[in-house]
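So the structure is just underneath, and the comments pick up after that.
The values are calculated or read from the model by the stated rules, or taken from the named source; none is laboratory data. The shown structure was predicted, so the numbers you read here are calculated from the model rather than taken from an experiment. Methodologically, a virtual Cβ is constructed for each residue, glycine included, from the backbone with ideal geometry; neighbour enumeration extends over all protein chains shown.
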Amino acid sequence: MIRRKKKKEIDTFLGPRTQIKGAITFEGGMRVEGKFEGDIISKVGEVIVGPQAVINGDLNVGSALVMGEVNGCINAETRIEIHPPGKMIGDIRAPFILIDPGVVFNGQCIVTNDDDNKSDISPDKHE
C-alpha cells in the first residue's frame, strides 16, 4: 500500500507578477511565485517557493518547499526541501532537510532534533 502525503491547502498565493515588500505572517499554506522582500513567519504553516519566485528575507515557518530563489535564512519546525531549479543563499535549519542534486546551495545546513531551540537562527547570530 502506497502512503501519500496529505495535500495541504494553499490559503495565500502571491502570483508571478506580484512584488511585495514587508513582512507576512500566515497560517495554513502559502505559495510564492513573485518577488518578495521581507520576512515570512508562521509557526505551523507551510510555504512553497515556486520556480519563478525570488525571496530576499528570512523564513521562520512550519515547513518550506523551495524551487525558486531564497536569499536569507530558513528556520523550519518540521522540514525543508529544496528541489531544482532552486537556489538557496543562506543558512537552513530543521529536523529534516532534503537538498536534491542540481540545486544551488550556499550556506550552513543545521539538522536539529526535538530538544533544540529552533527559533535561535537569525541574521544577527551568524559568524
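Only one residue in 47, 54 is within 14 Å of residue 29 (Cα to Cα) and of a type in the set (A, V, I, L, M), so which one is that?
Every option except 47 fails the conditions.
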Of all residues being at pLDDT below 95 and among the small types (Gly, Ala, Ser) in segment 72-127, which is surrounded by the most Cβ atoms within 10 Å (Cβ to Cβ)? Just the residue, please.
122
All strands (runs of 3 or more DSSP E) inside segment 8-52 with 1 or more residues being without any contact (Cβ under 8 Å) to a residue 12 or more places away in the chain, more than 23 Å from residue 77 (Cα to Cα) and aliphatic (A, V, I, L, M)
none
Return the residue satisfying two criteria in turn: it lies in segment 53-72 and is closer than 19 Å to residue 84 by Cβ and part of a loop (DSSP other than H, G, I, E, B), and of such residues it is farthest from the chain's Cα centre (by Cα).
53
Answer yes if at least one residue in segment 55-76 is out of contact with any strand residue (DSSP E or B) (no Cβ under 8 Å at 6 or more places or on another chain) and not β-branched (Val, Ile, Thr), and no otherwise.
no
